[in-house]
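**Student:** One structure coming up, written as structure tokens, with questions to follow.
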């Protein structure tokens, strides 16, 4: 297992259009059915909460979250393979939840493939609970894959 990230070497900032080449490099490498650059451009254009994480100046991951009607939805959270299992995904997730909290969001939602056991473990460890299932949500090599819906309540 890789060493956890030294917090003094980790930085997060808002994503900008100039980041999209690096975002797409990671997106294409990590997902068999990646988002298009146009999807990221649209997320930036409409004002979604988009952040990138860097480790010692190296682009390492990103997160995208929409908010509205008292809810937040983490749409994409991805860490490049070289930086996985070092705490970056957890830091990006905490940032998204913290930002949702400052916006007085009641609940944070996200979907995850049942086959993504590492992400499921992370979400459960950070207080998310399974609240539903979306049948045939994700494209897969052979047909479609379900999505587990997770939620974290920030306010009662």
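The values are calculated or read from the model by the stated rules, or taken from the named source; none is laboratory data. This structure is a prediction, so every number in the text was calculated from the model and none was measured. Reconstructed Cβ throughout: ideal geometry from the backbone, glycine too, with neighbour counts over all protein chains shown.
**Student:** Provide a single number: the residues in segment 56-97 that are farther than 18 Å from residue 35 by Cβ and part of a loop (DSSP other than H, G, I, E, B).
**Tutor:** Number satisfying all stated conditions: 8.
**Student:** Continuing with the same structure: Would you be able to tell me the number of residues in segment 105-133 that are more than 21 Å from residue 70 (Cβ to Cβ) and more than 17 Å from the chain's Cα centre (by Cα)?
**Tutor:** Summing the residues that are more than 21 Å from residue 70 (Cβ to Cβ) and more than 17 Å from the chain's Cα centre (by Cα) in segment 105-133 gives 1.
**Student:** Got a sec? Which of 45, 9 is more than 16 Å from the chain's Cα centre (by Cα) and at pLDDT 95 or above?
**Tutor:** 45
**Student:** Let me ask you something else. Go through (1) within 26 Å of residue 20 (Cβ to Cβ); (2) in contact with a helix residue (DSSP H, G or I) (Cβ under 6 Å, 6 or more places away or on another chain) one by one and return the number of the condition residue 150 breaks.
**Tutor:** That leaves (1) as the condition not met.
**Student:** Tally up the residues in segment 33-55 that are loosely packed, with under 13 Cβ neighbours inside 10 Å and on the phi < 0 side of the Ramachandran plot, please.
**Tutor:** Total satisfying the criteria: 7.
**Student:** How many of the residues in segment 96-114 are in contact with a strand residue (DSSP E or B) (Cβ under 7 Å, 6 or more places away or on another chain) and surrounded by fewer than 17 Cβ atoms within 10 Å (Cβ to Cβ)?
**Tutor:** Counting residues in segment 96-114 that are in contact with a strand residue (DSSP E or B) (Cβ under 7 Å, 6 or more places away or on another chain) and surrounded by fewer than 17 Cβ atoms within 10 Å (Cβ to Cβ) gives 5.
**Student:** Scan segment 59-74 for residues that are within 18 Å of residue 26 (Cα to Cα) and surrounded by 19 or more Cβ atoms within 10 Å (Cβ to Cβ) and report the count.
**Tutor:** Of all residues in segment 59-74, those within 18 Å of residue 26 (Cα to Cα) come to 59-65, 74.
Add one more test, that the residue is surrounded by 19 or more Cβ atoms within 10 Å (Cβ to Cβ), and what stays is 60-65, 74.
Total meeting the criteria: 7.
**Student:** Also: Which one of these is surrounded by fewer than 18 Cβ atoms within 10 Å (Cβ to Cβ) and either in contact with a helix residue (DSSP H, G or I) (Cβ under 6 Å, 6 or more places away or on another chain) or farther than 17 Å from residue 63 by Cβ (or both): 118, 143?
**Tutor:** Matching residue, one of 118, 143: 143.
**Student:** Inside segment 127-140, can you point out the residues that are touching a residue at least 24 places away in the same chain (Cβ under 8 Å) and either under 11 Å from residue 74 (Cβ atoms) or surrounded by fewer than 13 Cβ atoms within 10 Å (Cβ to Cβ) (or both)?
**Tutor:** 128, 139
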